[in-house]
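S.K.: Okay, handing you the structure first.
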Amino acid sequence: MIDLRSDTLTKPTEAMRAAMAAAEVGDDVYGEDPTVAALEERVAEMFGHEAALFMPTGSMSNVLAVRSLVQPGQEVLCESSAHIARAELGAHGAYSGVTMRTWTHPRGHVDLAAVRSLYAPDMGPFFVRTAAVSVENTHNFAGGTVLPIDLLRDLREWATGVGVGIHLDGARIWNAHVATGTPFAEYGATADVLSVCLSKGLGAPVGSVLVGSADTVAESRIWRKRMGGGMRQVGILAAGGLHALDHHVERLADDHAHAQLLAEACGVDPAGVETNIVVVERHDAASYVERAAAQGVRVATVGPTTVRMVTHLGVSRADVDRAARALADLTAS
Ligand SMILES: *Cc1c(COP(=O)(O)O)cnc(C)c1O
């Protein structure tokens, strides 16, 4: 089986396992795990922020990042198919008392005109006030699209002017960087707080990192513990993340090239595929998934008529060639 359902399916390589086994560890709740500290320092510096915090999941990282900007009873604005809106099961409302309103863009981009018209300033104690805007880069459900840096800079300028915070869900910011060459620090400069995942295309088994100011990180460390996310000798996992940063970032270009081949095979315009995610609109999505599986290719639906396939380090060029042949046959039939 060639498994293209998600880039979360990667398994640690032998070299990553060796790095994890050799990690120096300590009790991170006591602040004594040197490998966790090294990862946090490294990621903070990459994005040009003061500090960072190792998190068990991207979802918890997003929840704590958004709550650092938005008080209970205030709102965050986001795109309507954002992960925070569609795939975090209401956590921002359930845990943080945060409400959301959304704009819609077919490629998941920031629409500053829409943001400005949604924006609610402080109008007294009867209205929900906009405290933050959240953007996702790359945008998962829009098909791994890259948010143009110019739009992010315009949003930053507007948000600073009105006193609204910016959260970047950078689960796949690595893919955006590899696709565009935009330095991580430039993405970092467009947000107050970021969340980045080590367990997607980077191939670590577990882990995300919240990045922001020293104050935000200190406060988020308390919230992480409060939510049951205080972790002990977790340098073992952080070592997987450090290994991934050393060895698995530039290789994402291979995943992007592989996605181009799959797009062609599925009759999707490769020009619309910017990174490692291919979205195929099929009225027969469920049966397409079954027929692909019968040919040895696992893909998944992410909507009633939407099939998603994701390339990753567990899928070789030979696998992609074989999957492309099988999918091309399905597309033709
Ligand atoms: C995967 C993902 C997350 C975090 O997911 P977890 O499974 O909680 O680690 C957040 N945002 C986006 C865009 C994602 O794709």
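S.K.: Could you check how many residues of segment 153-166 are closer than 11 Å to TYR187 by Cα and surrounded by 22 or more Cβ atoms within 10 Å (Cβ to Cβ)?
M.R.: So the count comes out to 0.
S.K.: Starting from segment 48-68, take each residue that is free of Cβ contacts under 8 Å to residues at least 12 places away in the same chain and list its partners that are in a loop (DSSP other than H, G, I, E, B) and away from the ligand (no atom under 12 Å from the Cβ), counting only C-beta distances under 6 angstrom and pairs at least six apart or across chains.
M.R.: Listed pairs, sorted by first residue: none to list.
S.K.: Hey, another quick one. Give segment 150-183 a look and list any residue that's of a type outside the set (Gly, Ala, Ser), farther than 30 Å from LEU242 by Cβ and outside any helix (DSSP H, G or I), or say none.
M.R.: VAL164
S.K.: In contact with a Lys or Arg (Cβ under 9 Å, 6 or more places away or on another chain) and free of Cβ contacts under 8 Å to residues at least 12 places away in the same chain, is that true of ALA271?
M.R.: The answer is no for ALA271.
S.K.: Among ALA176, ALA171, ALA120, ALA142, which is the only one that is within 12 Å of the ligand (Cβ to nearest atom), farther than 24 Å from GLY48 by Cα and in contact (Cβ under 8 Å) with a residue 24 or more places away in the chain?
M.R.: ALA142
S.K.: Looking only at helices (runs of 4 or more DSSP H) that lie completely in segment 1-110, which have at least 2 residues being assigned by TED's automatic domain parsing to the domain that holds LEU242 and among the acidic types (Asp, Glu)?
M.R.: In segment 1-110, 34-46 are the helices (runs of 4 or more DSSP H) which contain 2 or more residues that are assigned by TED's automatic domain parsing to the domain that holds LEU242 and among the acidic types (Asp, Glu).
S.K.: Determine whether THR301 is surrounded by fewer than 19 Cβ atoms within 10 Å (Cβ to Cβ) and in contact with a strand residue (DSSP E or B) (Cβ under 9 Å, 6 or more places away or on another chain).
M.R.: Yes: the conditions hold for THR301.
S.K.: Of all residues in segment 86-101 being over 18 Å from the mean Cα position of the chain (by Cα) and touching a residue at least 12 places away in the same chain (Cβ under 8 Å), which is farthest from GLY58 (Cα to Cα)?
M.R.: Per the stated criteria, the residue is ARG101.
S.K.: Quickly run through segment 51-93 and pick out the residues that are more than 15 Å from the ligand (Cβ to nearest atom) and among the aliphatic types (A, V, I, L, M).
M.R.: ALA51, ALA52, LEU69, VAL70, LEU77
The values are calculated or read from the model by the stated rules, or taken from the named source; none is laboratory data. Everything numeric here is computed off the predicted structure, so don't read it as measured data. Note that we place each Cβ from the backbone using ideal geometry, even for glycine, and neighbour counts take in every protein chain shown.
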